[in-house]
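**Q** After the structure tokens below, expect a handful of questions from me.
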Amino acid sequence: MDVTGALLPVLQNWSCHNCGGCCREHEINISVAEKKQIEQQSWNSSHGVPGDRPLVVPLGDGWRLNHRDDGACVFLDESGLCRIHSRFGEPAKPLACRLYPYAVHPAGSGVTVSLRFSCPSVVSNLGSSVSSQREIVESLCREVVPAEFGTHRTFLFSHGKEVGWADFRILLAFMERGLSDITLSFRERLLRTLAWMQFLEGAAPEMLSAESLGSLLKVLQEAARRARVDRAFGSKPPNSIARVMFRQFVAQLIRHDTRAVAASGWLHRLNSLSEGLRYTLGMGRIPLLEDPDSVHVAFGREHGSGTLRASFAMAEQLCQDVPDGVDELFGRYFHVKLQGLHFCGPAFYNYGILDGFRSLALMYPATIWTAAVRALQAGEQAIRLADIHSALAILDHNFGYSPVLGMRSSRNRIRQLSRLQQIENLCAHYGGGASVDSGD
Ligand code: SF4
């Protein structure tokens, strides 16, 4: 496959700021050649790497970089820098380390590039524009995508309906245009796009091809302009079933089961399970986030299991007011995820476009909810933009990557929420501005 001309997000900046987060949170798979290269680098404890364990250990059929007891990569130094990089330069690092936070996905006869918002520099839009890094990114794409990789020309829309790549691009452009309309709040843009997608779901399959799609989308746009079809969307509070499903979704995104967690013993794992369950049921006080300042999160590992002196109802209350900057952040996040196809197809558990978009839509209320919990944990009276940034980094770490979200039960949850017309209610209710009531 030719990766020249890879699609890159135009609104996103990124450069590494050496926070060391990814060297603590990720399991780095390496190839046999990379293992050999590391062995030839003749590491020993005089270089600062631990002398009490192998630097590379088996993982399934392959290998991974080993970690210290605290979960950090064995090559991470005290100042947050990579020892391989320091001794031998960037090209000597394993491909997975050089690639992060980029994610490369097949798109038609080429590739498209997304970014992982688990990197704080991506969330905060720090560094140089991604489009100015084309040469580096394309060179990484060449290493990632095998030359013999085939084209990816059709995408599942929903319920067996498929669209070709050219038609999907029209659809994507339409969605992106709707989501970037800065005359509306992001919440309104999202509700409008969900309304459009629902209309499209009911359209006959032949309407989803280029000849008809253009006129169909124009009709939707006009209808939205005249009658504000989206106004009815999200006008009701979510019902109790939707709230339970939503908290379950959030709990699964917050959970971060690293090897260090697995090694922390059955008691911790049991606590983690019971806290996840309490989270889902939404009863009593909220379980603590383990570390609200990084993506290093599950329930209460380092701080011991525990609860906030705050109830779920208090978190709901905080969600009614979101800080300035949220619209910019989510406009950019959705742009990157849509253009990078990081919400459907092979990059997202082979979800169809519609279910994938609805899952992505839920990231908006899920992030605000998590930010509210973080704010309560810090003793704040309102959500700050920093809470939103941290919450998005926490949740996006698992979005598209946690095996749990790929399970049939997760797919059914999205379908059920959609059938009950609750996705838009959740987006409106937890997305700032809706009134709080029981919803039952
Ligand atoms: S998380 Fe991002 S900023 Fe931090 S070290 Fe990794 S790539 Fe760099």
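The values are calculated or read from the model by the stated rules, or taken from the named source; none is laboratory data. Since this is a predicted model, take the numbers as computed values, not measurements. We place every Cβ from the backbone using ideal geometry, glycine too, and count neighbours over all the protein chains shown. Only protein heavy atoms, including side chains, enter the accessible area calculation; ligands, DNA and RNA are left aside. Shrake-Rupley method; radii C 1.70, N 1.55, O 1.52, S 1.80 Å.
**Q** Out of all the residues in region 177-195, which are open to solvent by less than 60 Å² (accessible area, probe 1.4 Å) and either touching a Cys at 6+ places or on another chain (Cβ under 9 Å) or not in a helix (DSSP H, G or I) (or both)? Steps first, answer last, please.
**A** From region 177-195, those open to solvent by less than 60 Å² (accessible area, probe 1.4 Å) are 178-179, 181, 184-187, 189-195; that's our starting set.
Result: Asp181, Leu184, Ser185, Arg187, Leu190, Leu191, Leu194.
**Q** Of everything in region 59-104 that's under 28 Å from Leu172 (Cβ atoms) and among the aromatic types (Phe, Trp, Tyr), which residue is surrounded by the fewest Cβ atoms within 10 Å (Cβ to Cβ)?
**A** My answer is Tyr100.
**Q** Can you tell me which condition Arg415 does not meet? The list is (1) open to solvent by 10 Å² or more (accessible area, probe 1.4 Å); (2) not in a helix (DSSP H, G or I), and all the others hold.
**A** (2)
**Q** Would you confirm whether any residue within region 105-113 is farther than 15 Å from His342 by Cα, within 16 Å of the ligand (Cβ to nearest atom) and open to solvent by 20 Å² or more (accessible area, probe 1.4 Å)?
**A** Within region 105-113 (the criterion being farther than 15 Å from His342 by Cα, within 16 Å of the ligand (Cβ to nearest atom) and open to solvent by 20 Å² or more (accessible area, probe 1.4 Å)), the answer is no, since none of the residues qualifies.
**Q** Could I ask something else about it? Out of curiosity, is Ile30 more than 16 Å from the ligand (Cβ to nearest atom), under 24 Å from the mean Cα position of the chain (by Cα) and surrounded by 18 or more Cβ atoms within 10 Å (Cβ to Cβ)? Break it down stepwise before answering.
**A** Working: more than 16 Å from the ligand (Cβ to nearest atom): yes; under 24 Å from the mean Cα position of the chain (by Cα): yes; surrounded by 18 or more Cβ atoms within 10 Å (Cβ to Cβ): yes.
Considered against the rule, which asks whether it is more than 16 Å from the ligand (Cβ to nearest atom), under 24 Å from the mean Cα position of the chain (by Cα) and surrounded by 18 or more Cβ atoms within 10 Å (Cβ to Cβ), Ile30 comes out as yes.
**Q** Taking the condition of being farther than 18 Å from Leu395 by Cα and modelled with pLDDT of 70 or more, how many residues in region 245-282 meet it?
**A** Residues flagged as farther than 18 Å from Leu395 by Cα and modelled with pLDDT of 70 or more within region 245-282 amount to 3.
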